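Data block below; observations after.
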Amino acid sequence: MSEDIQPKLGKPTSLMKRILIYAGISFIAFLIGFVPMWLKARGYSSELTIARRELSLARLENTLASATIDARRGDYEPARQAVSNFFTSLREADKGADSALTDSQRQNIQPLFAGRDEIITLLARSDPASADRLADLYATYRKVMSG
């Protein structure tokens, strides 16, 4: 009678085997679906990073072009604000490991900052010469970014 009371722990039952097999098959099926999606997500993430970098640089160029056009039209205050925003954004784009600029671009944009105060002062004084200075700055910026 004492033999009947003790449970048999030696071999797993066929029900337990089936549950383990189904769990293993489910896990493998999950991995088969998960791994390709994870790889795609990683690829899209890198594409998104590149697109954000390009957008940041395009916005910088657009801001500078807008300032140049405003100065040509004689709207010096909006041009001054746009140039100020351009230099601030360019300084932020140049910072850190997440920089939107390559190493060669970083080195070549440093001379652009040299004329910053002069251009902003010319625009604040509503000097027509500021339009030519902005046009030169824009041409230099495009050359640096394309090269």
Here, Leu15 and Lys95, labelled 7 Å along Cα→Cβ, have an inter-label distance in nm of 6.4
Could you grab the relative contact order for segment 12-146? Cα pairs under 8 Å, six or more apart, rounded to a whole percent. 26
Once the Cβ-Cβ distance between Val35 and Ala129 is put in as r, and R0 is 41 Å, what FRET efficiency do you end up with, to the nearest 0.05? 0.10
In degrees from 0 to 90, rounded to the nearest 10, what is the angle of the helix 14-73 Cα long axis to the longest principal axis of the chain? 0
Residue with peak Gaussian network fluctuation, the chain [Cα springs, cutoff 10 Å], from Leu39, Leu57, Leu123: Leu39
The simple spin-label model distance between Asp75 and Gln107, using points 7 Å out along Cα→Cβ, in nm, is 3.9
Output the 0 to 90 degree angle, nearest 10, between the alpha-carbon long axis of helix 76-93 and the longest principal axis computed from the alpha carbons of the chain. 40
Helix 129-146 against the longest principal axis of the chain: what's the angle in degrees, Cα atoms only, rounded to the nearest 10? 30
Gained length - Leu55 relative to Arg142, 0.36 nm times residue gap less alpha-carbon distance: 29.8 nm
Among (i) 20.0; (ii) 16.6; (iii) 17.8, the value of Kirkwood radius over Cα pairs in Å computed for this structure carries the label (i)
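Every number in this text was worked out from the coordinates using simple rules, so none of it is lab data. Small disclaimer: the values here were computed from a predicted structure and weren't measured. All Cβ positions, glycine included, derive from the backbone under ideal geometry; neighbour counts span all protein chains shown.
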